[in-house]
Amino acid sequence: QVQLVESGGGLVQTGGSLRLSCAASGSSFSINVMGWYRQAPGKERELVARITSGGMQIYADSVKDRFTISRDNTKNTVYLQMNSLKPEDTAVYYCNRVSVERWPWGQGTQVTVSS
C-alpha cells in the first residue's frame, strides 16, 4: 500500500516562501495525477494544485501565480513551491493522487502564515 510523507511546512511571515515535499512509496506513483490539498481549521479539505504524469499543472484560483507544483518521478516525490504567502494560506497541507479512490492520507505538514 502506498504511504505518503509530507514535509517542509513551518511558520512564515506574510509574503514569505516555503517549499513542501511529499514522498510516496510504491511503484505506481509516476502514472498518477498528483495533487496538493489543504485543510484549514473548520474547513473542508480542498485541492489547490495538481500535476499530471506528463507535467501539466492546474491550480485553484486562490493560489494561481503564487504556487508551483512539480514532480520527480525518479524519486516518487511531488513538490509545492509556495511564494507570496498570505494568512489565508494557513492550513495543514497534504498530497495524494487525484482520483476517486485516493491513497491513505499522510500526516500532512502544517503551514502557518503570520500577518
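The values are calculated or read from the model by the stated rules, or taken from the named source; none is laboratory data. Here the structure is a predicted model, which is why all the values come from computation and not from measurement. Cβ placement follows ideal geometry from the backbone for every residue including glycine, while neighbour counts extend to all protein chains displayed. Areas reflect the complete protein model, heavy atoms only, side chains present, ligands, DNA and RNA absent. Shrake-Rupley method; radii C 1.70, N 1.55, O 1.52, S 1.80 Å.
Which members of the range 15-65 meet the condition of being at pLDDT 95 or above and of a type in the set (Ser, Thr, Tyr)?
Ser17, Ser21, Tyr37, Thr52, Tyr59, Ser62
Say we look at the range 67-90 and pick out the residues that are surrounded by fewer than 16 Cβ atoms within 10 Å (Cβ to Cβ) and of a type in the set (Lys, Arg); which of these is farthest from Arg19 (Cα to Cα)? Working first, answer last.
Step one: list which residues in the range 67-90 are surrounded by fewer than 16 Cβ atoms within 10 Å (Cβ to Cβ), which gives 70, 72-75, 81, 83-84, 86-88.
Adding the requirement that they be of a type in the set (Lys, Arg) leaves 75, 86.
Numbers: Lys75: 16, Lys86: 15 Å.
Checking each candidate, the answer is Lys75.
Can you name the residue in the range 22-36 that is out of contact with any Leu (no Cβ under 8 Å at 6 or more places or on another chain) and surrounded by 17 or more Cβ atoms within 10 Å (Cβ to Cβ) and, of all such residues, is farthest from Arg97 (Cα to Cα)?
Result: Phe29.
Answer yes or no as to whether Val98 is under 20 Å from Leu11 (Cβ atoms) and either under 14 Å from the mean Cα position of the chain (by Cα) or among the hydroxyl-bearing types (Ser, Thr, Tyr) (or both).
Numbers: under 20 Å from Leu11 (Cβ atoms): no; either under 14 Å from the mean Cα position of the chain (by Cα) or among the hydroxyl-bearing types (Ser, Thr, Tyr) (or both): yes.
Judged against the criteria, Val98 is not a match.
Across the range 37-66, which residue is least open to solvent (accessible area, probe 1.4 Å) among those that are outside any strand (DSSP E or B) and touching a helix residue (DSSP H, G or I) at 6+ places or on another chain (Cβ under 9 Å)?
The initial filter retains those residues of the range 37-66 that are outside any strand (DSSP E or B), namely 40-45, 52-56, 60-66.
Checking the rest, the ones that are also touching a helix residue (DSSP H, G or I) at 6+ places or on another chain (Cβ under 9 Å) come to 40, 53, 62-63, 66.
Details: Ala40: 25, Ser53: 62, Ser62: 58, Val63: 0, Arg66: 26 Å².
This residue is Val63.
List pairs: first in the range 36-56 and under 15 Å from Tyr79 (Cα atoms), second among the acidic types (Asp, Glu), Cβ under 8 Å, 6+ apart or cross-chain?
Filtered contacts from the range 36-56: Tyr37/Glu46; Arg38/Glu46; Arg38/Asp89.
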